[in-house]
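Let me begin by presenting the structure, written as structure tokens, before commenting on it.
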Amino acid sequence: MRSVGRLLFLTMVALLGVALASPNKASAGGLYGAAILWLACENGTDYPIHPVAISDDGDIVTGYLVLGQRQGVHVRLIPMGAGYRYAGRGVWFDGARENAYLYLSTYRPMACTVVYGPEREVKISG
């Protein structure tokens with residue numbers, strides 16, 4: 001009987017702690033959250049970026065770059081000297097400010113513009 005009471009008390013404390021905890025800045029939307037960045041590329045396709053973790057400075061540390069219908073590639077920030085690189089399995093993009101180059105294959109960069117904004121209709125070809 002005592003062990004059941006302790007288990008119930010610990011469960012209540014754990015649930016209350018989760019409910020009262022302040023939100024962590026390092027955990028943003030996730031793949032199911034709204035995209036806050038888009039790569040609008042010269043081929044007419046918009047590639048949304050769904051953040052998973054955001055730094056205290058507001059930089060996306062990890063996220064998912066959506067390349068097709070329900071197909072997301074996990075990308076991670078690699079700080080560069082004067083810009084940034086987000087790299088994932090078989091894909092990466094480099095840039096500085098709003099200008100970026102998306103590499104879907106090794107020697108064929110595609111010029112893109114980074115667009116900030118709320119969720120919108122996505123044009124994905126292919």
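The values are calculated or read from the model by the stated rules, or taken from the named source; none is laboratory data. Note that the structure is a prediction, hence the values are computed from the model and not measured. Methodologically, a virtual Cβ is constructed for each residue, glycine included, from the backbone with ideal geometry; neighbour enumeration extends over all protein chains shown.
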Looking only at the stretch 29-46, count every residue that is at pLDDT 90 or above and at positive phi and tell me the total. 1
If you take the residues of the stretch 83-121 that are polar (S, T, N, Q) and modelled with pLDDT of 90 or more, which of them is surrounded by the most Cβ atoms within 10 Å (Cβ to Cβ)? T113
Every residue from the stretch 33-60 that is of a type in the set (A, V, I, L, M, F, W, C) and in contact with a Lys or Arg (Cβ under 7 Å, 6 or more places away or on another chain): I54
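Listed here are the residues, each with its yes/no results for (1) outside any strand (DSSP E or B); (2) over 13 Å from the mean Cα position of the chain (by Cα); (3) touching a residue at least 12 places away in the same chain (Cβ under 8 Å).
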{"position": "Y47", "(1), (2), (3)": "no, no, yes"}
{"position": "H50", "(1), (2), (3)": "no, no, yes"}
{"position": "V61", "(1), (2), (3)": "no, no, yes"}
{"position": "H74", "(1), (2), (3)": "no, no, yes"}
{"position": "L77", "(1), (2), (3)": "no, no, yes"}
{"position": "G81", "(1), (2), (3)": "yes, yes, no"}
{"position": "F93", "(1), (2), (3)": "no, yes, yes"}
{"position": "S105", "(1), (2), (3)": "yes, yes, no"}
{"position": "M110", "(1), (2), (3)": "no, yes, yes"}
